[in-house]
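Have a look at the structure below before the remarks.
Nothing in this text is a laboratory measurement; each read-out follows from the coordinates by a stated rule. The structure displayed is predicted, hence computed values, not measured ones. Note that each Cβ is placed from the backbone with ideal geometry, even for glycine, and that neighbours are counted across all protein chains shown.
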Amino acid sequence: MHELSIAQSIIEIVTQNMPKHNLTKVDTITLRIGEITQIMPDALHFGFECLSKETSLDGTKLIIETVPVKGHCKTCGQDFVFEDWPLVCPECGQTDIQIISGRELEIVEFEGS
Amino acid sequence: MIEIKISLVKNILEANEKIAAQNSQFFAGKGVMAINMMSAPGAGKTTLIEDTIRSLKNELNIAVIEGDIQSTYDAEAISSTGAQVVQINTGGACHLDANMINETLSQLDLNPVDLLIIENVGNLVCPAEFNLGESCKVMLLSTSEGDDKPLKYPLMFHESSVLLINKIDLLPYIDCSIEKIKQESLKINPDLTIFEISCKTRQGLNDWHDWLKAEKQKKVPL
């Protein structure tokens, strides 16, 4: 349900940046969202569509790139991609893991004219 | 028309993070330790907060920000303890954000306050994504919710510093393994501090109080 507030932030950030680049219309906004960031893409698309209606981003498409989760084992130093919780090092089996990617929630770029 | 591509790598929650940092600075300036208390609806956050205020009334001055979608039930319960309390009604939003906290700060006199407890909206998902400017996140899980919750809602367990397993007085009547909760929570977050408590029988509450006092001393010395 918090996808709505995320959609609102995306609209604010992009509309604030449009004048700097002399853009009047934006075709696509590319986002990078980590696999364990708790965002449902469908809900985000829907929220964005609803909230952008009255703005200069009406009709803009969101492109979502998913970032896999990578962990760093604090015990043996191994970096690895993990599929599911809990985070267990495939090398030594320890669980003291630092998440190095997979929590992203970023705008990477936007394209328009 | 020329199509142009603008690179921007920007954290979407940056606005929230900025305000959270301001809140955090504000708390530090007032000598206040703020904790963000999260759980599913009905896990016992308000009862625990009420009890904590009464039990520690001679040791810590506690103020509360109550977050709920609707109603002032919780703020009324807290105000019966005599503590300062502000109610935030999110009107549908499933979590508190840093700005909501920022806007209520003018309604509290934090000068005499040692500990600010922010009771988040009952929800095991969204609150984990929004920092409020707290020193630490504390989560409650009541035994009646079931022992499968750590692996079902891992992010919240991963982000929290403390897990309070509440309503342990119900254990004889339900199928819930405390060991399983502890084992799986620690697999998700090995640094998690875990307390088993019951606000009904008062079991385990002293350990929670001791932790709060020690943490306050450590994070924001008097």
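For the residue pairs B:K45/B:K200; A:K70/B:K218; A:K70/B:K137; B:K57/B:K167, the C-alpha atoms sit more than 21 angstrom apart in A:K70/B:K218; A:K70/B:K137; B:K57/B:K167.
Quick one: work out Rg over Rh on the C-alpha atoms of the protein assembly as shown, Rh as Kirkwood radius. Let's see the in-between values first.
Details: Rg = 21.5 Å, Rh = 21.5 Å.
Here the Rg-to-Rh quotient is 1.00.
Please enumerate, by chain and number, the lysines with C-alpha under 28 Å from the C-alpha of A:K20, excluding those fewer than 8 residues away in the same chain. Reachable lysines: A:K53, A:K61, B:K5, B:K10, B:K18.
Would you work out the charge dipole size for chain B about its Cα centre, treating the Cβ of every Lys and Arg as +1 and the Cβ of every Asp and Glu as -1, and quote it to the nearest 20 debye? Intermediate results must be reported in sequence, preceding the final value.
On the way: 20 positive and 30 negative charges, 76 e Å.
Using Cβ point charges on Lys, Arg, Asp and Glu, chain B gives about 360 debye.
Between A:E109 and A:D96, the modelled labels are 4.1 nm apart [label points 7 Å from Cα along Cα→Cβ]. Legend note: in chain A, cysteines whose Cβ sits 4.7 Å or more from every other cysteine Cβ are A:C50.
Nearest 20 debye, what's the magnitude of the dipole of the stretch B:110-182 about its Cα centre given +1 on Lys and Arg Cβ and -1 on Asp and Glu Cβ? Show your work: numbers first, answer last.
On the way: 6 positive and 11 negative charges, 21 e Å.
Magnitude of the dipole: close to 100 debye.
I'd like the distance separating the alpha-carbon centroids of the stretch B:1-80 and the stretch A:34-94, in whole Å. The stretch B:1-80 and the stretch A:34-94 have Cα centres spaced 24 Å from each other. The mean sequence distance of close C-alpha pairs (under 8 Å, at least 6 residues apart), as a share of the length of chain A, puts its relative contact order at 36 percent. Which of the three applies to the stretch B:1-60, rounded, prolate or oblate, going by the alpha-carbon gyration tensor with a ≥ b ≥ c and a/c under 1.5 meaning rounded? Cα axes put the stretch B:1-60 in the oblate bin.
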